[in-house]
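The values are calculated or read from the model by the stated rules, or taken from the named source; none is laboratory data. The structure presented is a predicted model; accordingly, all values stated were derived computationally and were not measured. Heads up, the Cβs are rebuilt from the backbone with ideal geometry, glycines too, and the neighbour counts pull from every protein chain shown. With ligands, DNA and RNA removed, areas are computed over all heavy atoms of the protein, side chains included. Shrake-Rupley method; radii C 1.70, N 1.55, O 1.52, S 1.80 Å.
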Amino acid sequence: MNMNSKFIAVITGDIIGSTRYDLETREKFRTNLNSPISTALINFYSRAVIPQAINVFRGDSWQVVIAEPSLSLRISLLIRCLLRTSLLSNSINSRMAIGIGAVEGPLKNIRNGDGEAFILSGKELDELTDSRFSLSMRISGSYKFTSDCEKLLRNNVQLIDFISSNWTFKQCKAVEGMLLNKTTQEIAQDWFGNEINRSAVSRHLNKAGWDVISKSLDLFEQLLIPR
C-alpha cells in the first residue's frame with residue numbers, strides 16, 4: 001500500500017422493494033437521504049468523518065464515504081433508523097454494504113466512486129441482492145485481519161442486521177437518540193414533536209435489544225481501530 005494512502009469505508013445502499021412505493025414516497029427516500037439525513041450525520045460526526053453528503057443515484061440507490069472505518073457500522077445503523085423515523089414506517093428498509101479499503105489522496109477530491117473501498121462495497125451490495133440479509137461488510141485483505149477475525153466481524157454485522165431490520169419506527173426513534181448520544185430524557189422530550197414518559201423510551205430500547213446492540217457496536221469499533 002502507498003505510504004500516502006489510508007483506509008476508508010464506503011457504504012453503498014438501495015431501498016428494498018422501492019418499486020412497491022408510489023412516486024411521492026420514492027421522492028421522499030431521495031430527499032430525506034440527500035438532505036435531512038445527510039445533514040444530521042454531518043452535524044453529529046463533522047466533515048472530518050463524513051466529508052460529503054450522501055450521494056443518491058439511479059433513483060433508489062445511494063452511497064456515502066466514511067473517513068473513519070470503525071464508525072461505519074454505527075453510521076449504517078443510524079441511517080436505517082433515520083430512514084424509518086423520517087417516513088414513520090415500520091417496513092421501509094435499505095440494503096447496505098460496507099466496503100473498507102485503501103484510498104490515496106485527500107477525501108475531498110474523491111470523485112466518481114473509484115477505488116478499493118468503492119469496489120468492495122459495490123460487490124458486496126450485489127451479493128446482498130439474493131441474500132436474506134440487508135446489511136453486510138467486506139474488508140480489504142491489506143487490513144491485516146486474520147480470516148477468523150473477519151468472519152467474527154461479518155457475523156456481528158449480520159446479527160445486528162437481523163435484529164435491526166425488525167425494529168418499528170418507534171424503536172428506531174429510541175435507538176436513533178442513543179446513537180446520537182442523547183439521554184433517555186432528551187429522547188422523551190422530543191418524541192416526534194411531542195413529549196412522552198422516559199419509561200416508554202426505555203421500553204422501546206429494551207424491545208430493540210439496545211444493550212446487546214451497543215456492546216456489539218463497541219466491539220466492532222475496537223477491532224476496526226488501526227493498530
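Results, tabulated for the structure shown:
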| quantity | calculated |
| --- | --- |
| Any chance residue 123 is open to solvent by 20 Å² or more (accessible area, probe 1.4 Å) and at pLDDT 90 or above | yes |
| Residues located in segment 101-120, provided they are at pLDDT below 85, within 20 Å of the chain's Cα centre (by Cα) and in a helix (DSSP H, G or I) | 107 |
| Residue in segment 196-203 that is at pLDDT 95 or above and within 20 Å of residue 37 (Cα to Cα) present | no |
| Subset of segment 18-50 that is at pLDDT below 95, open to solvent by less than 30 Å² (accessible area, probe 1.4 Å) and not small (Gly, Ala, Ser) - its residue that is farthest from residue 181 (Cα to Cα) | 29 |
| Filter pass, residue 74 being open to solvent by 10 Å² or more (accessible area, probe 1.4 Å), assigned to a helix (DSSP H, G or I) and closer than 22 Å to residue 127 by Cα | yes |
| Selection count, segment 197-220, where residues are surrounded by fewer than 17 Cβ atoms within 10 Å (Cβ to Cβ) and more than 24 Å from residue 151 (Cα to Cα) | 8 |
| Odd one out for residue 65, checked against (1) β-branched (Val, Ile, Thr); (2) under 13 Å from the mean Cα position of the chain (by Cα); (3) farther than 27 Å from residue 119 by Cβ | (3) |
| Residue list for segment 170-196, filter: acidic (Asp, Glu), assigned to a helix (DSSP H, G or I) and over 30 Å from residue 149 (Cβ atoms) | 186 |
| Among (1) in a helix (DSSP H, G or I); (2) of a type outside the set (Ser, Thr, Tyr); (3) at pLDDT 95 or above, the one test that residue 156 misses | (3) |
| Residue in segment 161-169 that is within 18 Å of residue 37 (Cβ to Cβ), assigned to a helix (DSSP H, G or I) and not hydroxyl-bearing (Ser, Thr, Tyr) present | yes |
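A quick yes/no check of all residues on (1) farther than 19 Å from residue 120 by Cβ; (2) open to solvent by 50 Å² or more (accessible area, probe 1.4 Å):
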{"site": "140", "(1), (2)": "no, no"}
{"site": "143", "(1), (2)": "no, no"}
{"site": "159", "(1), (2)": "yes, yes"}
{"site": "167", "(1), (2)": "yes, no"}
{"site": "222", "(1), (2)": "yes, yes"}
